[in-house]
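J.: Below is a structure I'd like to ask you about.
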Amino acid sequence: MKGNLHIRRLGLEDYDELLALWQRAGLHSLKPRGRDSRAGLARQLASGVQTILGLEVDGQLVGIVVITHDSRKGWINRLAVDPDHRRRGYGARLIAAAEEVLCEQGIHVIAALIESDNPASLVLFRKVGYLEIDPGVHHLTKRDSDDI
């Protein structure tokens, strides 16, 4: 049975809880000494193009999604649900809430980058209506350090 569900915007004051959830969820691209540090999160939130939503059940943070945009395309990033709370529709609820935020910001093209070792996310995004445009797309990156 589902408890009392609430989705809210997260801020810097939620940093410790957010980081702990990402760790419990096994987010392997986590960079707590770089882009995912408290200072990194503060910069990202101050940019005005990033929103973080958290899903709480009975006051406990059990899901997170990071939403960004480049003024023409929105991105759903770092969707994570606590392993003890998976398979209850929370990921789909967070995706829908992220889409709503982006729509309110005037963004009507939404994308998600899903890494090849995350088939559960691929299934979830397909289930809620996302289409894989080109399975041959390659994700390339250039970074100043491994912590970014």
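J.: Answer with yes or no whether Asp36 is surrounded by 16 or more Cβ atoms within 10 Å (Cβ to Cβ) and not hydrophobic (A, V, I, L, M, F, W, C).
T.: Taking the combined requirement at face value, the residue satisfies it.
J.: Please count how many residues of segment 6-27 are under 21 Å from Asp117 (Cβ atoms) and touching a residue at least 12 places away in the same chain (Cβ under 8 Å).
T.: Here the count works out to 6.
J.: Within segment 62-92, take every residue that is part of a helix (DSSP H, G or I) and in contact with a strand residue (DSSP E or B) (Cβ under 6 Å, 6 or more places away or on another chain) and give me the one that is farthest from Asn4 (Cα to Cα).
T.: Gly91
J.: So, one more: Could you list all residues from segment 66-82 that are over 8 Å from the mean Cα position of the chain (by Cα), β-branched (Val, Ile, Thr) and under 10 Å from Gln50 (Cα atoms)?
T.: Within segment 66-82, just Thr68 meets the criteria.
J.: So, one more: What single numbered condition from (1) in a helix (DSSP H, G or I); (2) touching a residue at least 40 places away in the same chain (Cβ under 8 Å) fails to hold for Gly3?
T.: (1) is the only condition that Gly3 fails.
J.: Kindly indicate which of Arg8, Arg43, Arg24 is within 16 Å of the chain's Cα centre (by Cα), in a helix (DSSP H, G or I) and surrounded by fewer than 17 Cβ atoms within 10 Å (Cβ to Cβ).
T.: Every option except Arg24 fails the conditions.
J.: Here's a follow-up. Mind checking which residues of segment 86-99 are surrounded by fewer than 20 Cβ atoms within 10 Å (Cβ to Cβ), over 14 Å from Thr68 (Cβ atoms) and either touching a helix residue (DSSP H, G or I) at 6+ places or on another chain (Cβ under 6 Å) or of a type outside the set (A, V, I, L, M, F, W, C) (or both)?
T.: Arg86, Arg87, Arg88, Gly89, Arg93
J.: Would you point out the residue of segment 100-119, among those that are in contact (Cβ under 8 Å) with a residue 12 or more places away in the chain and in a helix (DSSP H, G or I), that is surrounded by the fewest Cβ atoms within 10 Å (Cβ to Cβ)?
T.: The qualifying residue surrounded by the fewest Cβ atoms within 10 Å (Cβ to Cβ) is Val101.
J.: From the set of residues in segment 120-135 that are small (Gly, Ala, Ser) and part of a helix (DSSP H, G or I), which is surrounded by the most Cβ atoms within 10 Å (Cβ to Cβ)?
T.: My answer is Ser121.
J.: Please give the number of the condition Gly59 fails out of (1) within 14 Å of Leu5 (Cα to Cα); (2) at pLDDT 95 or above.
T.: Result: Gly59 fails condition (2) only.
J.: Looking at segment 19-32, which of its residues are modelled with pLDDT of 90 or more and out of contact with any strand residue (DSSP E or B) (no Cβ under 6 Å at 6 or more places or on another chain)?
T.: Leu19, Ala20, Gln23, Arg24
J.: Which condition number does Val66 fail, the rest of (1) closer than 26 Å to Leu122 by Cβ; (2) at pLDDT below 95 being met?
T.: Unmet for Val66, out of (1) closer than 26 Å to Leu122 by Cβ; (2) at pLDDT below 95: (2).
J.: Could you list, in sequence order, the residues of segment 125-147 that are of a type in the set (Ser, Thr, Tyr) and farther than 15 Å from Leu113 by Cβ?
T.: Ser145
The values are calculated or read from the model by the stated rules, or taken from the named source; none is laboratory data. All values derive from a computational prediction rather than experimental measurement. Cβ: placed from backbone, ideal geometry, glycine included. Neighbour counts: every protein chain shown.
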